[in-house]
1. As a test of the definition: which semi-axes, in Å, follow for region 20-88 when you take the square root of five times each eigenvalue of its alpha carbon gyration tensor? Largest first, please.
2. 5 Å is the cut-off here: which amide hydrogens, built 1.01 Å from N in the peptide plane, fall below it relative to residue 97, excluding neighbours closer than 5 in sequence?
3. What is the dipole size for the chain, taken about its Cα centre, with +1 at each Lys and Arg Cβ and -1 at each Asp and Glu Cβ, in debye to the nearest 20?
4. Once all Cα-Cα distances of the chain are split into 10 Å bins that start at 0, what whole-number percent is in each one?
5. Between residue 29 and residues 5 or more places away or on another chain, which pairs have amide H atoms under 5 Å apart, with H built 1.01 Å from N, and which residues are they?
6. In nm, what is the difference between 0.36 nm times the number of residues separating residue 20 and residue 106 and their Cα-Cα distance?
7. Fewest to most neighbouring Cβ within 10 Å: what's the order for 47, 100, 20?
8. Go ahead and run the numbers for FRET between residue 53 and residue 120, Cβ-Cβ distance against an R0 of 41 Å, rounding to 0.05.
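Each value in this text was obtained by applying a stated rule to the coordinates, not by laboratory testing. What you see is a predicted model, and the numbers here were worked out from it, not measured in a lab. Cβ: placed from backbone, ideal geometry, glycine included. Neighbour counts: every protein chain shown.
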Amino acid sequence: MAHFLVGKGGFQNIVRDFGRPAARHWAGIACHAGPARTAFPRAASRRLTSIPADSDPDATGLGLATLIEREVEELPGIARREDVHTVALAFDPGSWQLMRFVLWEDAVAPDEAATECYEVLHLSAPGMARLPEGQAW
């Protein structure tokens, strides 16, 4: 995405022709493969969590990092579930939200705390094997 936005990936043509739009993006924080990684996922869940304005109550400057670290620590446990294909965590600095996204082998687990659930009809994944495992920052 960085290449597209600033590395001569084509975005400059959009800016030239239509003006400079706001580019919403999610920064990848962590990703883990689950036991069902070789299966085609049939369901997905997405949980959005707003980051509170007072996420640094101790004024240490580490409140946001601590909040994200707690979310990152949950991912390996989710990834070990038999029916999980992939679990990922991302951060949107534009809306100050965290997103946990899980691909499931057959159906979203009934105990999954998800904001939204989806049926997966197609997964375009030519680079799936190259996704980094674990925390990306």
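1. Working from the Cα gyration tensor, I get semi-axes of 28, 18, 9 Å.
2. 51, 92
3. The calculation lands at about 720 debye.
4. Result returned by the calculation: 11, 34, 32, 19, 4.
5. 89, 90, 91
6. That pair, residue 20 and residue 106, stretches by 26.9 nm at full extension.
7. In order of increasing Cβ crowding within 10 Å: 20, 47, 100.
8. On the way: r = 34 Å, r/R0 = 0.84.
Calculated transfer efficiency: 0.75.
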